[in-house]
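Read-outs: derived from the displayed coordinates by stated rules, not from any lab. Only a predicted model underlies this, so the values are computations on that prediction, with no experimental measurement involved. With ideal geometry, Cβ positions are generated from the backbone for all residues, glycine too; neighbour counts draw on all protein chains shown.
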């Protein structure tokens, strides 16, 4: 029996990766006199993944990876105005409006009357806290957890903290790596809602997995019907 439903935030409740994708295109265009845009974007992706061990997740981490990429693309000849442009891209992304996924507020509003809701979002504390406040969704959730990463051990720690049994826990998110497989591994349930622009790193899984071990829906507004079906079965 499901008693607690947890939601990922970025690209599950509100749009996020599209902002990164647009910023990547801006960087590639900025540096197009040095290298082809496709090369710059591919290098940035590799640099960003490599730097997770140093900077973690979030736009400020992304900015450092953009600068490192720009230095390499220009062979160290990057100009001051180009660095200034990268800083401006970062500020624009950090100050962007929070755009909810269609159906997100209606879904959490409906479910909050029947279940304990938790938001579990990954990334920079300042950045995520700002988005939570601007989203207008905070009051639907009993707890909001901003974590540096998501793993099976991390989920177990959160469940223990809130005295939740794995078999009574359901996680909803758009990332196989962060929201789905670590939750399934601890004996809880998960619902995967793919997002068109999900960062490749989040859905690149080295080991094989059983696709029948979690549920998949197309849009968040399909979630209440799925949960009602699960409760009846």
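For the pair residue 153 and residue 33, a Förster radius of 41 Å applied to the C-beta separation gives a FRET efficiency near 0.35, rounded to the nearest 0.05. The slack in the chain from residue 1 to residue 99, taken as 0.36 nm per residue of separation less the alpha-carbon distance, amounts to 32.0 nm.
Sorting 141, 126 from the fewest to the most surrounding beta carbons within 10 angstrom yields 126, 141.
Mean sequence separation of contacting Cα pairs (under 8 Å, at least six apart), scaled by the length of the chain, corresponds to a relative contact order of 26 percent. Going from the residue with the fewest nearby Cβ atoms within 10 Å to the one with the most, 73, 132 rank 132, 73.
Kirkwood Rh, Cα Rg: Rg to Rh for the chain?
Computed over Cα atoms, the ratio is 1.01.
Per residue of the chain, the DSSP helices (runs of n ≥ 4 H) give a summed -39500 (n - 2.57) that works out to -14000 deg cm²/dmol at 222 nm.
If the segment from residue 114 to residue 83 were pulled out straight at 0.36 nm per residue, it would be longer than the present Cα-Cα gap by 6.1 nm. For the chain, give the share of DSSP beta bridges that are antiparallel, in percent and rounded to the nearest 5; count only bridges with both residues there. If I count the DSSP bridges inside the chain, around 5 percent turn out antiparallel. Of the three principal axes defined by the Cα atoms of the stretch 17-94, the extents in descending order read 29, 24, 21 Å. Once the Cα atoms are used to define both axes, helix 152-161 deviates from the longest principal axis of the chain by about 50 degrees. Round to the nearest 0.05 the FRET efficiency obtained for residue 210 and residue 106 when R0 = 30 Å and r is the Cβ-Cβ distance. Working from the Cβ atoms, E equals 0.45. In a fully extended conformation the segment linking residue 18 and residue 60 would gain 13.5 nm over its present Cα-Cα distance, using 0.36 nm per residue. Residues 171, 119 in ascending order of nearby Cβ atoms (within 10 Å, fewest first): 119, 171. By the gyration tensor of its Cα atoms, with a ≥ b ≥ c the square roots of the eigenvalues, what is the shape of the stretch 107-223: rounded for a/c under 1.5, prolate for a/b over b/c, or oblate? In terms of gyration-tensor shape, rounded.
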